[in-house]
1. Give region 7-57 a look and list any residue that's assigned to a strand (DSSP E or B) and either exposed (fewer than 14 other Cβ atoms within 10 Å of the Cβ) or acidic (Asp, Glu) (or both), or say none.
2. Kindly list, by first and then second residue, each pair from a residue in region 161-181 that is closer than 9 Å to Leu121 by Cα to a residue that is basic (Lys, Arg), limited to pairs with Cβ atoms under 7 Å and residues at least 6 apart or on different chains.
3. Looking at Lys164, Lys134 in this structure, which one is closer than 28 Å to Pro293 by Cα and among the charged types (D, E, K, R)?
4. Whether any residue in region 62-72 is in contact (Cβ under 8 Å) with a residue 12 or more places away in the chain, of a type in the set (S, T, N, Q), out of contact with any helix residue (DSSP H, G or I) (no Cβ under 7 Å at 6 or more places or on another chain) and part of a loop (DSSP other than H, G, I, E, B) is what I want to check.
5. Just to be sure, is Asp60 in contact with a Phe, Trp or Tyr (Cβ under 8 Å, 6 or more places away or on another chain) and among the acidic types (Asp, Glu)?
6. Here is a check on your reading of the model: is Glu433 crowded, with 18+ Cβ neighbours inside 10 Å and modelled with pLDDT under 50?
7. Across region 326-361, what is the total count of residues that are more than 25 Å from the chain's Cα centre (by Cα) and β-branched (Val, Ile, Thr)?
8. Would you confirm, using the coordinates I've provided, whether Asp363 is without any contact (Cβ under 8 Å) to a residue 12 or more places away in the chain and not small (Gly, Ala, Ser)?
Amino acid sequence: MKVLREGPVKITKATIDAAWRRRAPGQRLMIADAECRGLALVVNPTGMTWRFDYKPRGIDAATGKRFATQSVTIGTPESHSIDAARAAAGAMKGQAKAGTDLAGERKAKIAASAERRSRTLDRLAEDYAKALPKRPKLRGTGKLSPAHAAAELAHVKAAIADMKAGGKAVADIGASDLRALLRANAEQPGAARHRFGALSRFLDWCRDEGLIAVNPCTLIGKDRRPKAVPARQDYLKPAALAHLWKAAGEADKLEPVHRDYLRFLIAIPCRRTEAATLEWAHLDLDAREWTQPGALTKNGDPHRLHLHPLALDLLRARHEAAGQPKAGLVFPAPRSGEALTTFSKLKAALDAKAERAGWRFHDFRRSFATALGEAGFAEPVVDAVLNHRQAATRGGVLGVYQRAVRWPEQVAAMAAWGEILASAIEGKSPGAEKVVALSTGRRKAAGGAG
């Protein structure tokens, strides 16, 4: 661009108007002001600005010469009158004489502001997704399982969406945003606690990365933070489970895979996602065992389950119908072929047929534990079947050294559970059930001697 320099002259409004009329493509006109040394009017093809030029104080140690002239933009004739521009330039002149690097400071502020704006919650959540699997667990040892990491990230993103703060810089998140999160989940205390906790851990990571000085979640008083939801005590008796079993086979809008999946959840005390991700490679139908990889369990521990006849018959029928595959999902979604995720729709269809509501899939696990407890099985055995990590809550020597899984007793417990369900489905009276329990080292039958 061609640069024309004029002046110094006393710049007036008439000078500005005349200079604007002289603008031309590919040309920059610079008019120095005679009233304030260093101040100039810069006329570009599309606009005008006030500019202040100065030489930083000191000598460049590398060259032994004074530093090169630096320039700072003050504003435009629309934002600053002639007198205001001269006043601003005069103030800058004093700062420059005091040794302030005006241009350097301004560039640093602009860069810092740009960096601050780029650190939005949405962008940082993507970085957090990469860092999360490598972070240690808050309780216990080791790293988060893929399933736990995915759930944690989902809660973080849901919290950001509730606050409507995805494009907001993390440094600008304050108590008002967190109050918006709490209001959005006021009717869902469980979701509120999960999202607030996950967001707080995410902001802890931001603090650890030096992106913020303080986690803003600490600005919310403890009395305002979401409280823990009381643990559900609900469970279903065998007769109720048998009713749901039959309803699963008769419910409308359910594909065969859906019916088998629902019945499998009733038969085997696993979590719904564990059943949804079950693969043929995890099953040994001849040995009657399901081996769960640690990557697919909630606590990250590999787990083994004995398959009683009720579940085994269901799996063998599916295996035969599928062409006896060696790999792939046992319960693939009918359309996508991926793992089932439409849990709420499946439950709604089952509720409509069974004319029963108020239960959850997780209640099946409580039902198993309750029935086996009443049958005389020891709590550690039942917990082992449920894959609860007991060592985390045990103290002393027991917590450190007790690692027995008591597999024979687990097999007996699962066999007993299968008999309880089969009897209920067949309509037999509770007294006709023959439940095997392990107690004091001897096998006993719940209905009499075995």
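1. Val9, Asp33, Asp53 - these are the residues of region 7-57 that are assigned to a strand (DSSP E or B) and either exposed (fewer than 14 other Cβ atoms within 10 Å of the Cβ) or acidic (Asp, Glu) (or both).
2. Ala169/Arg116; Ala169/Arg117; Ala169/Arg119; Val170/Arg119
3. Of Lys164, Lys134, the one residue that is closer than 28 Å to Pro293 by Cα and among the charged types (D, E, K, R) is Lys134.
4. yes
5. Considered against the rule, which asks whether it is in contact with a Phe, Trp or Tyr (Cβ under 8 Å, 6 or more places away or on another chain) and among the acidic types (Asp, Glu), Asp60 comes out as yes.
6. yes
7. Qualifying residue count, region 326-361: 1.
8. No.
The values are calculated or read from the model by the stated rules, or taken from the named source; none is laboratory data. Given the structure is predicted, the values throughout are model-derived calculations rather than measurements. Using ideal geometry, Cβ is built from the backbone for each residue, glycine included, and neighbour counts are taken over all protein chains shown.
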